[in-house]
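Peer 1: Before anything else, here's the structure in question.
The values are calculated or read from the model by the stated rules, or taken from the named source; none is laboratory data. Keep in mind that this is a model prediction, so the values were computed, not measured. Please note: Cβ atoms are built from the backbone with ideal geometry, for glycine as well, and neighbour counts cover all protein chains shown.
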Ligand code: HEM
């Protein structure tokens, strides 16, 4: 039995590498989906950079997000350098979280956003901007929900108001 399992597993790996139809016979639909990381399915670094670029510009322009935290004592200046920094950190963070080779070197989410008074509605508006960006780049529905779950998992560290 063990040998049979190994043979099937090996067949799976080969089929995944070749991207051929045989994997369905051996492993079912799930095997094909598991063969590539979310990072690869999104299209690697170029795709992650394009997504982050569009998403940050979209969120920064959305009054429902209030990205610059106007009216709070944690007001942030959207200078080209500051925007560039946040984008670079997000590429590392999303790259790492989706299985890419990046290593996130930024600050943790709780202390970064502490005192910003970010509400649940503002967080939802930001997640909506990410969803709109992923639609713009025609990201497959399963990949879109996987990435949105990564972002949603940070909610508890970021939302602190109302
Ligand atoms: C409504 C929600 C959010 C708002 C208003 C917001 C706002 C901000 C602001 C103003 C900064 C700059 C802080 C500074 O440099 O002192 C920042 C940094 C950052 N944010 Fe957010 N953020 C939100 C949600 C998120 C989410 C969901 C993520 C992750 C997917 C995220 C990831 C980051 C990262 C990686 C940085 C850079 C950290 C560093 O400089 O080391 N933010 N955010």
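Peer 1: If residue 62 satisfies every condition in (1) surrounded by fewer than 13 Cβ atoms within 10 Å (Cβ to Cβ); (2) not in a helix (DSSP H, G or I) but one, which is the exception?
Peer 2: Result: residue 62 passes all but (1).
Peer 1: Follow-up. From the set of residues in the stretch 126-154 that are out of contact with any helix residue (DSSP H, G or I) (no Cβ under 8 Å at 6 or more places or on another chain) and within 13 Å of the ligand (Cβ to nearest atom), which is nearest to residue 44 (Cα to Cα)?
Peer 2: Ranking the candidates gives 149 first.
Peer 1: Quick one: which of 15, 47, 32 is at pLDDT 95 or above, farther than 25 Å from residue 118 by Cα and assigned to a helix (DSSP H, G or I)?
Peer 2: 47
Peer 1: Let me ask something additional. Taking only pairs six or more apart or across chains, which ones have beta-carbon atoms under 6 Å, a first residue in the stretch 85-97 that is within 6 Å of the ligand (Cβ to nearest atom), and a second residue that is assigned to a helix (DSSP H, G or I)?
Peer 2: Going by the 6 Å Cβ cut-off, the qualifying pairs are 90/52.
Peer 1: Across the stretch 79-124, which residue is farthest from residue 156 (Cα to Cα) among those that are in contact with a strand residue (DSSP E or B) (Cβ under 9 Å, 6 or more places away or on another chain) and part of a helix (DSSP H, G or I)?
Peer 2: 122
Peer 1: Scan the stretch 129-141 for residues that are buried (at least 16 other Cβ atoms within 10 Å of the Cβ) and either more than 12 Å from residue 52 (Cβ to Cβ) or at pLDDT below 95 (or both) and jot them down.
Peer 2: 131, 139, listed by residue number.
Peer 1: Looking only at the stretch 125-156, count how many residues are within 22 Å of residue 73 (Cα to Cα) and either over 13 Å from the mean Cα position of the chain (by Cα) or not assigned by TED's automatic domain parsing to the domain that holds residue 86 (or both).
Peer 2: 3
Peer 1: Next question. Picking from 72, 79, 112, which residue would you name as being surrounded by 12 or more Cβ atoms within 10 Å (Cβ to Cβ), without any contact (Cβ under 8 Å) to a residue 40 or more places away in the chain and more than 25 Å from residue 44 (Cα to Cα)?
Peer 2: 112
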